[in-house]
Amino acid sequence: PLSGRLASQGQALKDGMMACYFDAAKSQINSDTPQTLTFFDTNRATADELVEQTIDYDFIVGPLLKDNIRAIASKLPEDKPFLALNRIDEFDTSLQASRYFFALAPEDEALQLVAKVKASGAVNPILVADDNSTTRRMADTFIQAWMSDQPDQSTAPGLAVFTNSKSMREGVTGLLDVAQSNQRIKQIENLISQQLHAVPRNRRDIDAIVLFANP
């Protein structure tokens, strides 16, 4: 969609494709068959109109909305390569050779991060998440996926949810046990009369920090 409520998402996808297109074109200056990229606004045409407009193209990318994907996918020829920018549950598995679904759901990004963190060898990550619905969904998905193959349910990653810089600082120091270290220092100071020199320590077992937040 290049107009309507999801125009900004559609424009971001268009910008990314155009950037890649021009980058690839640099190495194809002398090509006899230059690539052509054409954009259609799904918000300004029916499924039948979009199929009619795109039927002669080699590869179709989009749409983004699930209802549009269902409508267009059902009308395209079975051998027409088609990359949808969302996932739908009900599609003919026999068409997988020409049907691709690339979801932009935040949960999918969280699942990719789980795989990346595990591949790095980390075993004790902590999560820091902005307090909004999208980042909480990502954090919850990360924890569920991380725990799916953990026999010991007590090893769930710690989570700190923040609303501002102060709550972020408090959450992170809490997860790293810095606050507990400061508390132990104060306890020792109360027990002895001599001047005490101490530096708070953080946990040594944390090997990955995952942040879910906007820029």
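The values are calculated or read from the model by the stated rules, or taken from the named source; none is laboratory data. Computed from a predicted model, the values in this text were never measured in an experiment. Cβ: placed from backbone, ideal geometry, glycine included. Neighbour counts: every protein chain shown. Note: accessible area is taken over every heavy atom of the protein model, side chains too, but ligands, DNA and RNA are not part of it. Shrake-Rupley method; radii C 1.70, N 1.55, O 1.52, S 1.80 Å.
Some values worked out for this structure:
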{"read-out": "Per-residue SASA entry for residue 172, accessible area with 1.4 Å probe, Å² rounded to 10", "value": "40"}
{"read-out": "20 Å tail of the calculated P(r), segment 99-189, as % of Cα pairs", "value": "48"}
{"read-out": "Probe 1.4 Å - accessible area at residue 191, Å² to nearest ten", "value": "140"}
{"read-out": "Rough spin-label spacing in nm, given labels placed 7 Å along Cα→Cβ, for residue 41 and residue 185", "value": "6.0"}
{"read-out": "Added length on full extension, which subtracts the Cα-Cα distance from 0.36 nm per residue, residue 170 to residue 67", "value": "32.7 nm"}
{"read-out": "Which listed pairs, of 80/116; 118/166; 26/116; 14/75, have C-alpha distances above 28 Å, in listed order", "value": "80/116; 118/166; 26/116"}
{"read-out": "Inverse mean reciprocal Cα-Cα distance (Kirkwood Rh) of segment 55-131, Å", "value": "14.7"}
{"read-out": "Simple Cβ-charge dipole of the chain, Lys/Arg +1 and Asp/Glu -1, about Cα centre, in debye nearest 20", "value": "1080"}
{"read-out": "Whether segment 158-215 is rounded, prolate or oblate, judged on the alpha carbon gyration tensor where a/c under 1.5 counts as rounded", "value": "prolate"}
{"read-out": "Estimated distance in nm for a label pair at residue 199 and residue 59, the labels positioned 7 Å out from Cα along Cα-to-Cβ", "value": "5.4"}
{"read-out": "Estimated FRET transfer efficiency when R0 is 30 angstrom, pair residue 18-residue 124 (beta carbons, to 0.05)", "value": "0.10"}
{"read-out": "Farthest positive-ward along the chain dipole, Cα basis, beta-carbon charges - from 72, 16, 138", "value": "138"}
{"read-out": "Scattering curve values for the chain, log₁₀ I(q)/I(0), Debye with Cα scatterers, q = 0.07, 0.11, 0.18 Å⁻¹", "value": "-0.39, -0.77, -1.24"}
{"read-out": "Å² of accessible area per residue within the chain, as computed with a 1.4 Å probe and no ligands counted", "value": "66"}
{"read-out": "Sites residue 27 and residue 89 - FRET efficiency at Förster radius 35 Å, r taken between beta-carbons, to 0.05", "value": "0.35"}
{"read-out": "Accessible-area value, residue 109, 1.4 Å probe, nucleic acids and ligands omitted, Å²", "value": "100"}
{"read-out": "Solvent-accessible ranking of 42, 36, largest area first, probe 1.4 Å", "value": "36, 42"}
{"read-out": "Residue 9 paired with residue 140, simple spin-label distance in nm, labels 7 Å along Cα-to-beta-carbon", "value": "1.8"}
{"read-out": "Protein accessible area in segment 41-112, 1.4 Å probe - carbon and sulfur %", "value": "48"}
